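Input: a single structure, listed below in structure tokens.
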Amino acid sequence: MINRINKILLLLGLTASFSVLSGDPNWPSPDRADVTEVGLKHTKEENMSRERFAAAMRSAVTESSELGYAPTRILQMLESGTHAVDIAKKLVVSGDFQTGFREMIARGRPDLTFESIMLEDEFADLFTRQELEVARWRLSNVKN
């Protein structure tokens, strides 16, 4: 069973080493979901929220492309296997207003920025208060 779980995790791009048997009290319960790339456990609800956020970002990327701007950096990061939540966390605290961010603001579509998606009520719990404050500040202070 442990080998089967390791194979599934490997197929998902995750790594884990299980040295405990399923009877061990430290073994993840069925209420706990995956182990992320960095080894953090998320509840099933958190994982569902993370996947909804990823879907919202993919949708924003698609819509941005339809508007004539292809957010290549975000696409590269998503294709590399980095989770959308982790991408947003990394980029929101970078000191720069990314090109895609500026493009969406210039096109009157701030709703397609990851900052805007982060601030949606259903995703706010995925981010720290500071990350949300930075996202809000970025949306309020960008200049075309």
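Could you check segment 96-114 and list, in sequence order, the residues that are outside any helix (DSSP H, G or I), at pLDDT 90 or above and farther than 13 Å from residue 136 by Cα?
First, the residues of segment 96-114 that are outside any helix (DSSP H, G or I): 96-98, 107-109, 113.
Going one step further and asking which of them are at pLDDT 90 or above, we end up with 107-109, 113.
Selection gives 107, 108, 109.
Scan segment 123-144 residue by residue and report those that are part of a helix (DSSP H, G or I) and surrounded by fewer than 12 Cβ atoms within 10 Å (Cβ to Cβ).
Here is the first cut: in segment 123-144, the ones part of a helix (DSSP H, G or I) are 124-126, 129-141.
Listed by number, the residues that qualify are 125, 129, 130, 140, 141.
Determine whether segment 17-34 contains at least one residue that is assigned to a loop (DSSP other than H, G, I, E, B), surrounded by fewer than 16 Cβ atoms within 10 Å (Cβ to Cβ), at pLDDT 50 or above and hydrophobic (A, V, I, L, M, F, W, C).
Taking every residue of segment 17-34 in turn, none turns out to be assigned to a loop (DSSP other than H, G, I, E, B), surrounded by fewer than 16 Cβ atoms within 10 Å (Cβ to Cβ), at pLDDT 50 or above and hydrophobic (A, V, I, L, M, F, W, C).
Looking only at segment 78-122, how many residues end up being crowded, with 20+ Cβ neighbours inside 10 Å, among the aromatic types (Phe, Trp, Tyr) and over 14 Å from residue 56 (Cα atoms)?
Selection size over segment 78-122: 1.
The values are calculated or read from the model by the stated rules, or taken from the named source; none is laboratory data. Everything quoted here is computed from the prediction, not taken from an experiment. Counting neighbours? That spans all protein chains shown, and the Cβs are built from the backbone with ideal geometry, glycine included.
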